Every structure is written in C-alpha cells, then in structure tokens.
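Working notes for the structure below.
Please treat every number below as a calculation from the coordinates, not as lab data. Remember, predicted model here, so these are calculated numbers, not experimental data. Cβ coordinates were reconstructed from backbone atoms using ideal geometry, including for glycine residues, and neighbour counts include every protein chain displayed.
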Amino acid sequence: MSIESLIPFGLHKETEQLVDVARIPRGKICGCICPSCEIPLIARQGNQKEWHFAHQSRSSHTEIKRECEYSFGVSVRLMIRQLAIQGLRLRLPKLVHTMEAISEMTRESRVVEVEVEVTGESTIQLQYPGVGLQFSGVEVDVYGHVEEVPFILYVTYEGRRVPAELEAPVIERSGIVELRVDELRQIFRDQKEGGYLKALETFIEETTSGKSWIHHPRLPGAILEAEKLLANRILDHEKYEEAAEAVGPGSLSGFAISKLITEGVSMSARQAITKNYECIMCKSNWLDTSPICVKCDTHLYTREV
C-alpha cells in the first residue's frame, strides 16, 4: 500500500484533537475515528510498512453519515488547520514577477523580458488565525493576519486545486499562499515509525518547499513597475538599432551608442557632430563628437581628417 492511500493523522475521540499515529496506543484501542465518515480507526504500527491509521471493518457499522472522503491529503490538510489554531509560523518563498513582450519595431523581432522582485524569503507568525472561513467567496483552510493585512493559506493535493477566485481576490491588499500536500509524500515515506507531526511542522516552519504565492499585497504595484520597465526596455532596443543604423556599421561602439541615447541627442545632431579627428602632436586618431585629444588633453593640435 502506498503512502498516498494511508492515513497519518486520526481524530482522537476523547480529546477531539487530531493525533499522529506514533503518539497513541497500537491497534483498535487507539481511541481514534475517521473525521470524515466517523468509522473507528486502527493504529497500524508494524515493522515493514509505514505506520498509519486504517478503517475498521465497515460491516459492523450499518449507518455511515456520509461517504468517506478521508485520504492522505485530507488528513494532512486537517492537521494543518489544527496547527494553525495552536499558533502557526510559516517559512515563505521568494516571489519574482516576470513579464515579457516581443519588440516588432526592430529589424528582427526579439523577446524582451524584465523581472521585478515582489518579496524575498521570509518567516511570518500568523495573528488571529481562523480555519474553514470564507474569503473572496470560497472556503479557505487558514485565514489570519500579518501586520493587519489578511493572509490566506490554501492547501492543495490531487483533486483539490486553487480556486480562480483566489487568483484575483476581492481584497487586493492580501497575501495568499498555496501549500501543496503532494510535496510531503516522500518526506512521510522516510518516517518509518510515524513522527509525521514533527515532519509536517518542520515542512511548514523551516522550508519553502511545496509553497508558492497565489497573490501578494505588493503584486499589483510590481506588475505596474514591470510594465513600465518593459516599455522602456523595448524603447531602448529600438533607439539602439536606430542609432546603429544612423552612424553606420562599425563606426561607434555599443557603449558610445548607448551613451548618445541616454544623453537624448537627436539622430540628425549625432550625424552632424560625429567626426574623424587627428592629433598632429601625438598622431592619435579617433571618431567622436569632441575634438579634444585624450592623450594630450587639448584641442590645440587637433585637425579634422
């Protein structure tokens, strides 16, 4: 049986808390039920397979409140909700907004790309966390605040994906992060005798694995900044090619052309003032807008050639 089909966390009837399979008695006396269908669970703590919960025989339970949808993913998601209520710290990944466009005005179309960093890696402590609340029209797993800004955690796995409503939230100044349970499968496989709770806590608090930003409060501003940078980058490419064509191939270095563009000198002015000079004193030759000899530091011995 694969780890994906096993249940790492069960609902302890006496305490009404989710528990790690490694922290309760073995077998039927574990005192746990499935929080989905409420069928009693067995704590399997063998030597060959990963420790896990399993449903007791359904034949002895004629009344099942609803079809059991409890799975590896659901089990982990419910435990994340419980940890959030107890006080949750999150290690969050870096977010970079990338934007690209094709410049069609140059002789050859080229892809122009810019990147704007929205946020670096960070660790946050959620304030006033709640679970199973509504945000932007959908139920989310964790709803808290970070410095008065709403922060949402949405857990995903096979069959449960991020709703489109969270990608364009009603509250634009909010942070929304996806946590992918699938990333925990290999981590849990390595826990041969339970210990899933500690592995989950480490995954949430100390790593950026399995997490990605759905929305960030600074993302709209970063998008506007990227659009401006992209427009300027395209304009620079177009001006560069215009300048290169105007002065002729091999006449000026790329640095010199870029300098002319930066200084805002018109095309006709650049053509008019760029000349060939020679210093009769040191015999230097150069193509520039200035008649001053770099070696002699004067124009007194300069002539046009």
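Brief remarks follow.
- Listed pairs K94/K198; K13/K211; K94/K228 exceeding 29 Å between Cα atoms: K13/K211
- Residue-span extension gain [T15 to R160] - 0.36 nm each, minus C-alpha spacing: 49.3 nm
- Of the residues C32, C296, the one with the fewest other Cβ atoms within 10 Å heads the list, and the complete ranking is C296, C32.
- Extending 7 Å from Cα along the Cβ direction at Y301 and again at R110 yields two label points whose distance is 4.0 nm.
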